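See structure below.
The values are calculated or read from the model by the stated rules, or taken from the named source; none is laboratory data. Computed from a prediction, not measured in an experiment: that's the story for all the values here. Cβ sites come from the backbone with ideal geometry, for glycine too, and all protein chains shown count toward neighbours.
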Amino acid sequence: MANTDKKILVWDAPVRVFHWLMVLSFAGAWLTAESERSRLIHVTLGYTLGGLVAFRILWGLVGTRYARFTEFVRGPAAIRGYLTHMLRLAGHVFAPRADSARQQAGAVHTAQPEHHVGHNPAGAVAIVLLLLSSVLIVATGWATYNDIGGNWIAELHEGASSFMLALVFVHVAGVALASWLHRENLVRAMLDGKKDGVAHQGIRRSWSVLAVIMLLAVIGFWWLQWRGAA
């Protein structure tokens with residue numbers, strides 16, 4: 001935790017644009033799922049989600065340091081250790097104060113949160129599950145839209161969507177808890193790309209041009225969908 005009082009660039013612009021476009025696409029698709037009049041919006045946002053996930057998988061292989069899967073995907077031991085540490089820390093914070101005698105005896109100590117410049121191990125699990133869920137949702141949604149596979153595909157599509165919605169709530173709760181325990185606004189970090197760290201840990205380029213191209217590609221796709229609509 002030493003020398004992490006400096007704001008450094010961690011999340012490049014494409015990662016941030018991907019994140020918020022994914023939020024918009026999933027939320028919009030969920031809200032328009034039951035409306036026949038909004039079918040075009042639902043389908044368009046579903047295809048958008050698929051394109052975004054394809055980009056994120058590619059960027060996870062060749063992107064900047066903290067965007068790469070090799071940087072943040074960890075094994076079961078690291079995940080278990082991080083969750084155990086955070087739960088212990090949360091319990092320490094919420095637990096009633098021990099009496100002064102026990103404090104003087106050193107039975108209660110101030111825990112320090114385990115700081116990660118990029119995604120923490122628990123957040124990495126959420127990201128991988130969100131990406132996998134998105135792939136399943138888009139694939140089953142496409143099959144349902146084209147009358148392939150029958151009712152079980154449609155049910156799988158709805159089940160995967162419900163699972164992803166639950167995962168989103170868990171992810172948001174985890175972000176809120178980690179932000180509080182780490183004393184760091186993780187939501188703001190996904191807006192400006194900056195987190196606490198030391199200078200040499202930051203990435204050199206934001207790749208803003210690529211982010212603009214992404215945004216224009218999505219807007220262009222939406223325009224083509226509406227232009228060709230009845």
Confirm whether G46 is more than 19 Å from Y145 (Cβ to Cβ), modelled with pLDDT of 95 or more and not acidic (D, E).
no
Mind telling me which of the residues T70, T44, T64, T48 ends up being among the polar types (S, T, N, Q), touching a Pro at 6+ places or on another chain (Cβ under 9 Å) and under 20 Å from L131 (Cα atoms)?
T64
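Just to check your reading of the model, which residue among A189, A126 is within 30 Å of L9 (Cβ to Cβ), touching a helix residue (DSSP H, G or I) at 6+ places or on another chain (Cβ under 8 Å) and crowded, with 17+ Cβ neighbours inside 10 Å? Explain how you work it out, then say what you get.
Values: A189 fails: touching a helix residue (DSSP H, G or I) at 6+ places or on another chain (Cβ under 8 Å).
Just one listed residue meets the conditions, A126.
Please find, within the range 50-100, the residue that is modelled with the lowest pLDDT out of those that are closer than 20 Å to K194 by Cα and hydrophobic (A, V, I, L, M, F, W, C). Write out each step before concluding.
Taking the range 50-100 as the starting set, the residues that turn out to be closer than 20 Å to K194 by Cα are 56, 59-60, 63-69, 71-72.
Going one step further and asking which of them are hydrophobic (A, V, I, L, M, F, W, C), we end up with 59, 67, 69, 72.
Values: W59: 98, A67: 97, F69: 96, F72: 93.
That would be F72.
If you take just the helices (runs of 4 or more DSSP H) that sit entirely in the range 121-230, which of them hold at least 1 residues that are over 29 Å from L40 (Cβ atoms), in contact (Cβ under 8 Å) with a residue 24 or more places away in the chain and not aliphatic (A, V, I, L, M)? Write out each step before concluding.
Working: elements: 121-145, 151-182, 186-192, 208-227.
Where helices (runs of 4 or more DSSP H) fall fully within the range 121-230 and carry at least 1 residues being over 29 Å from L40 (Cβ atoms), in contact (Cβ under 8 Å) with a residue 24 or more places away in the chain and not aliphatic (A, V, I, L, M), they are 121-145, 151-182, 208-227.
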